[in-house]
Amino acid sequence: MIVKDEELALPRILKVAGIFADEIIIVDTGSTDRTVEIAKKAGCKVYHFEWINDFSAARNYAFSLGKSDYLMWLDADDVITIPRAHMISALKMSLNADVVMLPYHMGDPPSLVFWRERIIKRDLGLTFKGRVHEAIEVKGKIIYENIPIVHDKIKPSDPKRNLNIFKEILAKTGTMEGREAFYYGSELYYNGINDDADFWLRKFLSGYGNSADKGQASLFLSRIQKNVNDRRDVLIGGIKFTFAPDLLCELGETFMAEKNYRAAKACFMTALVADEKITFSNPDCNGYLPHIRLCYCYWHLGDKIKSKYHNDMALKFKPNDRFANINASLF
């Protein structure tokens, strides 16, 4: 772990990390609270790294200190339940892979889900790249294990931290390409700087990048278009990269805004069977959202039986959902 001022979150993850970790390495980047004291008291190996606005540099330094056959990274505000910690421990006993991908849940229940390269064979010498949103370009035998890790912040972070690092990169290099252009455009989008986000997301879409990132960029780009036809064009372009439920649901919303319920219905029905992904997928788009929207579409199309069916399906995904329960009372 690389950490800074994590005295509130660190004890939570350290309680379970010992279940699966043979050594716990903490790299502190300048804490002024009790983070270092807590880590040492828990028996962690604690090192220091001067923060240089480069997450990859810090993570690679932490990885360089590991002595075990496999290296696993975590953030201080990650959460692993005890049963999942034992699943990771059991995985070690039969592990025959170069990289293990695990699901990363943003919150619980998750608002976003994506897969991350979580456990890496040390002798491959793989390193993180990217000063922000750092990642490892994986190779070799890659396996996917359904052991979710939940990212659950205890304290808010600086919303402009990543954006400022990207601006520093841009000032030094004059431009960005590929993955950096995607994440810079994404940070601009998150911060509501829409004109600049539009430029960088379009630049990324016109260049190289993986299909999931292209789909995600298309989703962000669609949301900052002022005209519904422009939003639709961007989403259709995104579907060409990845046939993802998120894009189809968003496309369905554009038709609903025009009360074109037949076209919207087609989008939401297709979302239910679409099996590709964008980078940060919304789990609701795989079930609840298409069903609750199909309930609405079929109601306006005069088919109350199908409308009720899809509302019942939405309730299976979210039994306590206020909207679905109001609909149920109408039926």
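The values are calculated or read from the model by the stated rules, or taken from the named source; none is laboratory data. Note that this is a predicted model, so its numbers are computed, not measured. Heads up, the Cβs are rebuilt from the backbone with ideal geometry, glycines too, and the neighbour counts pull from every protein chain shown. For the accessible areas, the whole protein counts, side chains as well, though only heavy atoms, and no ligand, DNA or RNA atoms are used. Shrake-Rupley method; radii C 1.70, N 1.55, O 1.52, S 1.80 Å.
Filter the stretch 126-141 for residues that are surrounded by fewer than 14 Cβ atoms within 10 Å (Cβ to Cβ) and either of a type in the set (G, A, S) or more than 15 Å from D213 (Cβ to Cβ) (or both) and give the result.
Result: K139, G140, K141.
Cβ-Cβ distance below 9 Å, separation of 6 or more or different chains: which pairs start in the stretch 150-165 with a residue that is within 24 Å of L102 (Cα to Cα) and end on one that is hydrophobic (A, V, I, L, M, F, W, C) and open to solvent by 90 Å² or more (accessible area, probe 1.4 Å)?
Listed by first residue and then by second, the contacts come to I154/L8.
Name the residues in the stretch 166-177 that are touching a helix residue (DSSP H, G or I) at 6+ places or on another chain (Cβ under 9 Å), free of Cβ contacts under 8 Å to residues at least 24 places away in the same chain and hydrophobic (A, V, I, L, M, F, W, C), would you?
L170
Restricting attention to the stretch 178-190, does a residue exist that is without any contact (Cβ under 8 Å) to a residue 24 or more places away in the chain, within 16 Å of the chain's Cα centre (by Cα) and assigned to a helix (DSSP H, G or I)? Even if it seems obvious, please write down each step before you answer.
Restricting attention to the stretch 178-190, the residues satisfying the condition of being without any contact (Cβ under 8 Å) to a residue 24 or more places away in the chain are 184.
Imposing the further condition that a residue be within 16 Å of the chain's Cα centre (by Cα) reduces the set to 184.
Restricting the remaining residues to those that are assigned to a helix (DSSP H, G or I) gives 184.
There is at least one residue in the stretch 178-190 that is without any contact (Cβ under 8 Å) to a residue 24 or more places away in the chain, within 16 Å of the chain's Cα centre (by Cα) and assigned to a helix (DSSP H, G or I).
From (1) open to solvent by 20 Å² or more (accessible area, probe 1.4 Å); (2) under 29 Å from Y183 (Cα atoms); (3) out of contact with any helix residue (DSSP H, G or I) (no Cβ under 6 Å at 6 or more places or on another chain), pick out the condition that doesn't hold for N282.
All conditions pass for N282, except number (3).
Kindly provide the set of residues from the stretch 37-66 that are at positive phi and either among the charged types (D, E, K, R) or in a helix (DSSP H, G or I) (or both), ordered by number.
The answer is none; no residue qualifies.
Given the conditions (1) assigned to a helix (DSSP H, G or I); (2) touching a Phe, Trp or Tyr at 6+ places or on another chain (Cβ under 7 Å), and given that D198 satisfies all but one, which numbered condition is not satisfied?
(2)
Out of the residues in the stretch 67-105 that are aliphatic (A, V, I, L, M), in contact (Cβ under 8 Å) with a residue 12 or more places away in the chain and assigned to a helix (DSSP H, G or I), which is surrounded by the fewest Cβ atoms within 10 Å (Cβ to Cβ)? If you could, list the steps in order and put the result at the bottom.
Step one: filter the stretch 67-105 for residues aliphatic (A, V, I, L, M), giving 71-72, 74, 76, 79-80, 82, 85, 87-88, 90-91, 93, 95, 97, 99-102.
From what's left, in contact (Cβ under 8 Å) with a residue 12 or more places away in the chain: 71-72, 74, 76, 79-80, 82, 85, 87-88, 91, 95, 97, 99-102.
Then keep just the ones that are assigned to a helix (DSSP H, G or I); that gives 82, 85, 87-88, 91.
Details: I82: 10, A85: 19, M87: 18, I88: 23, L91: 18.
That would be I82.
Which condition does R116 not pass, out of (1) within 21 Å of Y184 (Cβ to Cβ); (2) of a type in the set (K, R); (3) touching an Asp or Glu at 6+ places or on another chain (Cβ under 9 Å), if it passes all the others?
With (1) within 21 Å of Y184 (Cβ to Cβ); (2) of a type in the set (K, R); (3) touching an Asp or Glu at 6+ places or on another chain (Cβ under 9 Å) applied to R116, the lone miss is (3).
Does the stretch 250-269 contain at least one residue that is out of contact with any Phe, Trp or Tyr (no Cβ under 7 Å at 6 or more places or on another chain), surrounded by 19 or more Cβ atoms within 10 Å (Cβ to Cβ) and of a type in the set (G, A, S)?
no
Can you tell me which residues in the stretch 38-53 are more than 12 Å from V27 (Cα to Cα) and open to solvent by 30 Å² or more (accessible area, probe 1.4 Å)?
Step one: list which residues in the stretch 38-53 are more than 12 Å from V27 (Cα to Cα), which gives 38, 41-43, 52-53.
Once the filter is applied, which keeps residues that are more than 12 Å from V27 (Cα to Cα) and open to solvent by 30 Å² or more (accessible area, probe 1.4 Å), the stretch 38-53 yields K41, A42, G43, I52, N53.
Considering each of I326, I305, I236 in turn, give the residue that is without any contact (Cβ under 8 Å) to a residue 24 or more places away in the chain, closer than 14 Å to L219 by Cβ and open to solvent by 40 Å² or more (accessible area, probe 1.4 Å).
I236
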